[in-house]
Amino acid sequence: MRYLVLLIGDGAEKPWSEHTEDEQVVAMAKFGEFDAACRDRAGVELIAGEALSESGDATVMRTVGGRVQLTDGPYAEVIEGMGGFYLLDAPDLDVVVELLQVLPRYDIQIHPTVDVTP
C-alpha cells in the first residue's frame, strides 16, 4: 500500500534558518538514516520525498463558478506549514510508523493513498 507522509512544521521548536550549522547537519543525517532504513526494509520503497519552502510561498487554486482563482499563501490560516513530504510503498501502517521514528521531531500526518487502477 502507498502512504503519503506529511511533515508538519520544520521539525523543531525553532525555524530551520535559526538552527546552527551543526544542528542542521545532525537533522540532515536523520533524513539520510530514514532513506537508508527504507532501502534496507524488505517490502518498502521510498517513491518520493522533498522538503517544502515556507508556507507563505504556497499558492491555492480554486475553481469558483467555472473560473480559476489563485490565492497566495496556504489553504487556510495555519500556525505551522508543511515542512516536507514522503510518498512510500510499505506493507502496512505499522511499518511506516516504525520507519518514521528515525526522522527529526515532526507532527506527521500519514495518509493511505487510493489505488484507482482497474
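The values are calculated or read from the model by the stated rules, or taken from the named source; none is laboratory data. This structure is a prediction, so every number in the text was calculated from the model and none was measured. Glycine gets a Cβ as well: all are built from the backbone with ideal geometry, and neighbour counts include every protein chain shown.
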Hits in region 1-54 (condition: acidic (Asp, Glu) and in contact with a Gly (Cβ under 7 Å, 6 or more places away or on another chain)): ASP10, GLU50, GLU54
First in region 73-86 and surrounded by 12 or more Cβ atoms within 10 Å (Cβ to Cβ), second anywhere and at pLDDT below 70, Cβ under 8 Å, 6 or more apart: GLU80/ASP10; GLY81/PRO74; MET82/PRO74; GLY83/ASP10; GLY83/GLY11
Subset of region 78-87 that is of a type in the set (A, V, I, L, M) and under 14 Å from GLN109 (Cβ atoms) - its residue that is modelled with the highest pLDDT: LEU87
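Could you list, in sequence order, the residues of region 31-63 that are modelled with pLDDT of 90 or more and either farther than 16 Å from VAL102 by Cβ or among the aromatic types (Phe, Trp, Tyr) (or both)?
Residues satisfying the conditions are PHE31, PHE34, ALA42, GLY43, GLU45, ILE47, ALA48, GLU50, THR63.
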The lone exception for ASP115 - which of (1) modelled with pLDDT of 90 or more; (2) exposed (fewer than 11 other Cβ atoms within 10 Å of the Cβ) it fails: (1)
The lone exception for TYR75 - which of (1) at pLDDT 85 or above; (2) within 21 Å of ILE108 (Cβ to Cβ) it fails: (1)
Residue match in region 49-57 (condition: of a type in the set (S, T, N, Q), surrounded by 12 or more Cβ atoms within 10 Å (Cβ to Cβ) and in contact with a Pro (Cβ under 7 Å, 6 or more places away or on another chain)): yes
Residues of region 88-102 that turn out to be surrounded by 15 or more Cβ atoms within 10 Å (Cβ to Cβ) and either at pLDDT below 90 or among the β-branched types (Val, Ile, Thr) (or both), as a count: 3
Qualifying residue in region 58-67 (condition: crowded, with 16+ Cβ neighbours inside 10 Å and in contact with a strand residue (DSSP E or B) (Cβ under 7 Å, 6 or more places away or on another chain)): no
